[in-house]
Amino acid sequence: MAKPMRDDETLIRGLGFYVQDAAPDQALHVAFVRSDHAHARVLEVDASAALDLPGVVAVWQASDVTGVVTPGVNPLWPPLLDSPMPLLAGPWVEHVGQAVAMVLAQDAATAQEAALLVQVSLEALPAWGADDPDASLVHQVAHTHGQAQGQVAVVARADLTVPRLLAMAMEPRACVAQWHAQEERLHIWLGSQSPARAQADIARALGLAQAQVHLISPHVGGAFGSKASISPEDILVALAAHRWRTTVQWKASRSEEFLSGQHGRAARLQGQLAVDAQGRFLSLQAQLHYTLGAWLPYSALVPMRNAARILPGPYRVDRCDITGQSRRSHTAPVGIYRGAGRPEAALLMETLIDQAARQGGWDPVPLRLRNLIDASAMPYRTPTGETLDSGDFPQLLRLACERFGYDQERERQRQRRAQGEWVGLGVALYVEPCGQGWESARVTWHADGHVSVASGSPDQGQGHAITYGHIAASTLGVPFAQVQVLMGDTDLCPPGTGALASRSTAIGGSAVLQACQSLRDQRAQGLPLPLTTETRFESQEAWASGCVLVRMSVDAATGQPRIERLLWVDDAGLSLQPDLVRDQLVGGAAQGIGQALMEQMVYDSEGQLLTGSLMDYAVPRADDMPPIELHSLHTPSPLNPLGAKGVGEAGCIGVPAAIMNAARDALSPLGEVDLQLPLRAEQLWLALQAKTSGDQT
Ligand code: SMO
């Protein structure tokens, strides 16, 4: 079979077709006037000077957009919160960077200049962080299950801060909206993981029928959860195009992404793991505290819900008491980011296990093997009420240790420590539930023999066209080159949930498979071409899993951490496109390494963002990436006909936990050191200083 065509080169060379490429020259440009206070009352917005500038078409403030119906949060949860998305701030501003006014002008420079001329009077009010007693509790969860049976020998405790992060998509948010007068339709180009939902949200806000909104999500320069739900700016651009019956475009600057994009993570995890003298896990207590921002994107409550339900991961624990609380803060919103709570579950559980190992004098590998759920126990009902469909966790760990040469690595660690080096080994296992619900596919076998496959679960660079295309080609027995895959266009594609939670292959791919099987059957019955079939595939979650092993050194003089080895066994079920799987793993690992070693959004006590640019917020670069040794297991999921599981989030889940354990192991000769992510050199150096100088006095 010919090697499949990939988009990589097009994308890497900047030859893709992105949102901004859709804007015609005569489009009006938008610039936002943003708050420099975290919490304030809007006294007045005076746009007169801005409106005097030639080329300015309009300046909107909150009173211009009252009554617009904005999207709420995922109805999976009871409507305990009335949390409309604010379009323009007023009467209150609730985070630094919130849009207070919108300028519409004939060119970008004029829009920017006019934005500077808008006079905004604000009366500053005190800002809350999520740990503030005034911060309102939005949502909570609790899981209590089981009975601890046995005598507690060791209680490990952990209190972990999970930094607030920003998904650093290469393409910042952007939106082009064009009103077509004859069709009475709005065409809107928007980078989206969920085109059908964005279409519905925009139609509702504009008071249009859904069919009057045509949403196109062309090439997307990375999404990672941050483009799952639309932003206020997107709705405002659509609204402007509709009201002015014209074409309007906006693209966020990188600074606007920092100030008003949807952030991720931002949690504090407290836990206790009680273990008996034989190393059996008796009970897990966890308290999860999540920070939400000033308003809630559609999936804002997902990370806490996921972290709480995914604990205790791949392990058997007799008794679980898990609570979670999400609170508001005067900051930019927090939504889902690659992993969406899964990384926090793995980080807490794996840190606790290593802590217990050190306290109990066990090696962390046999301690894990003692407690991993056995493959023969699948499907396994977890204490939080989830059902693990499949997996072989002990085999993951054994294979990882064998390939890593774990025993030799421990021996080498002893030798290097004896020579004064700080070297640690870290292990982490993880589970990755891969989305549930439905996706659909529409497949047409045309009279000339070519096949078009349309899916509602689109691509943001993952390579879905290859996966879906090959499913169709192999099922129908046509060459891959004769298959055209359509995604990200609500006119051409059936509705879908979107590309979220590592679901596209398992659920979206299964819909494609079933549609193609149906076409093949129709063809076998002798029906003539063209033939079209639309299917909907619905499934419970398939649970991927994996094991990461890390060797890390910490420079004694500078504290600089270095990941010397990263070995990883992932089980994404049956793997259709091994190259794409590998790329997802490596990309996720890059973001996991970023979270573990360097990334952190910082607000001060007044709600000012201190990390507002790439000068202050570090993301991993090529030379921060260690070589990654990848291995795989293929435990098929029984839940879908492809046997596939997800893979998109694995790197962000397993890698930070393994790095945390490696760092704590490296410094463990000093006693227990309360390290926190990100593990920057400064923190490690200070830890080395405090402990080594303490020993001398
Ligand atoms: S954080 Mo993902 O795009 O569900």
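The values are calculated or read from the model by the stated rules, or taken from the named source; none is laboratory data. These numbers were taken from a predicted model, which means no experiment stands behind them. Every residue, glycine among them, receives a Cβ derived from its backbone with ideal geometry; neighbour counts consider all protein chains shown. These area figures cover heavy atoms from the full protein model, side chains too; ligands, DNA and RNA do not enter into them. Shrake-Rupley method; radii C 1.70, N 1.55, O 1.52, S 1.80 Å.
Some values worked out for this structure:
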| read-out | value |
| --- | --- |
| Search result, residues across segment 158-174 that are of a type outside the set (Asp, Glu), under 17 Å from Ser231 (Cα atoms) and not in a strand (DSSP E or B) | Ala167, Met168, Ala169, Pro172, Arg173 |
| Test set (1) away from the ligand (no atom under 16 Å from the Cβ); (2) aliphatic (A, V, I, L, M); (3) open to solvent by 10 Å² or more (accessible area, probe 1.4 Å) - Ala657 fails condition number | (3) |
| Tyr298 being within 16 Å of the ligand (Cβ to nearest atom), under 15 Å from the mean Cα position of the chain (by Cα), open to solvent by less than 10 Å² (accessible area, probe 1.4 Å) and among the hydroxyl-bearing types (Ser, Thr, Tyr) | no |
| Count of residues meeting criterion [open to solvent by 40 Å² or more (accessible area, probe 1.4 Å) and either outside any strand (DSSP E or B) or within 16 Å of the ligand (Cβ to nearest atom) (or both)] in segment 175-196 | 4 |
| Test: residue in segment 568-590 that is more than 21 Å from Ser504 (Cα to Cα), surrounded by fewer than 17 Cβ atoms within 10 Å (Cβ to Cβ) and among the basic types (Lys, Arg) | no |
| Residue in segment 117-137 that is open to solvent by 10 Å² or more (accessible area, probe 1.4 Å) and in a helix (DSSP H, G or I) present | yes |
| From His330, His263, residue being touching a Lys or Arg at 6+ places or on another chain (Cβ under 6 Å), more than 30 Å from Gln395 (Cα to Cα) and either of a type outside the set (D, E, K, R) or free of Cβ contacts under 8 Å to residues at least 24 places away in the same chain (or both) | His263 |
| Hits in segment 553-564 - residues which are among the charged types (D, E, K, R) and open to solvent by less than 40 Å² (accessible area, probe 1.4 Å) | Glu564 |
| The one condition in (1) touching a residue at least 40 places away in the same chain (Cβ under 8 Å); (2) more than 16 Å from the ligand (Cβ to nearest atom); (3) polar (S, T, N, Q) that Gln210 fails to fulfil | (1) |
| Every residue from segment 368-409 that is over 30 Å from the mean Cα position of the chain (by Cα), touching a residue at least 24 places away in the same chain (Cβ under 8 Å) and closer than 16 Å to Ala662 by Cα | Tyr406, Glu409 |
| Hey, Thr110 open to solvent by 30 Å² or more (accessible area, probe 1.4 Å) and of a type in the set (Ser, Thr, Tyr) or not | no |
| Hits in segment 635-653 - residues which are farther than 13 Å from Arg503 by Cβ and within 15 Å of the ligand (Cβ to nearest atom) | Ala650, Gly651, Cys652, Ile653 |
| Matching entry among Val155, Val237 (being modelled with pLDDT of 95 or more, in the same structural domain as Gly14 (by TED's automatic domain parsing) and outside any loop (DSSP other than H, G, I, E, B)) | Val237 |
| Selection within segment 52-79 - assigned to a helix (DSSP H, G or I) and more than 31 Å from the chain's Cα centre (by Cα) | Asp52, Ser63, Asp64 |
| Residues within segment 206-234 that are surrounded by 24 or more Cβ atoms within 10 Å (Cβ to Cβ), in contact with a helix residue (DSSP H, G or I) (Cβ under 6 Å, 6 or more places away or on another chain) and in a helix (DSSP H, G or I), tallied | 0 |
| Of residues in segment 138-150 being open to solvent by less than 70 Å² (accessible area, probe 1.4 Å) and assigned to a loop (DSSP other than H, G, I, E, B), the one modelled with the lowest pLDDT | Ala148 |
| All positions within segment 347-383 that are open to solvent by 10 Å² or more (accessible area, probe 1.4 Å), at pLDDT 95 or above and touching a strand residue (DSSP E or B) at 6+ places or on another chain (Cβ under 7 Å) | Gln355, Gln359, Gly360, Pro364, Val365, Met378, Pro379, Tyr380, Arg381, Thr382 |
| In segment 151-160, the residues that are open to solvent by 50 Å² or more (accessible area, probe 1.4 Å), of a type outside the set (Lys, Arg) and closer than 15 Å to Ala286 by Cα | Asp159 |
| Among (1) within 16 Å of the ligand (Cβ to nearest atom); (2) within 18 Å of the chain's Cα centre (by Cα); (3) buried (at least 24 other Cβ atoms within 10 Å of the Cβ) - the single one Gly496 does not satisfy | (2) |
| Tabulated pairs, segment 109-125, first within 9 Å of Asp46 (Cβ to Cβ) and touching a residue at least 40 places away in the same chain (Cβ under 8 Å), second in a strand (DSSP E or B) and hydroxyl-bearing (Ser, Thr, Tyr), C-beta under 9 angstrom, 6+ apart or interchain | none |
| In segment 591-623, residue nearest to Leu166 (Cα to Cα) [restricted to those that are outside any loop (DSSP other than H, G, I, E, B) and open to solvent by 60 Å² or more (accessible area, probe 1.4 Å)] | Ala622 |
| Sole exception among (1) within 16 Å of the ligand (Cβ to nearest atom); (2) charged (D, E, K, R); (3) over 21 Å from the mean Cα position of the chain (by Cα) for Arg664, by number | (1) |
| Evaluation of Ala49 against (1) surrounded by fewer than 18 Cβ atoms within 10 Å (Cβ to Cβ); (2) touching a residue at least 40 places away in the same chain (Cβ under 8 Å); (3) part of a loop (DSSP other than H, G, I, E, B) (one fails), failing number | (3) |
| Among the candidates Arg319, Arg309, residue that is within 16 Å of the ligand (Cβ to nearest atom) and over 15 Å from the mean Cα position of the chain (by Cα) | Arg309 |
| Sole residue being free of Cβ contacts under 8 Å to residues at least 60 places away in the same chain and within 16 Å of the ligand (Cβ to nearest atom), chosen from Gly341, Gly361 | Gly341 |
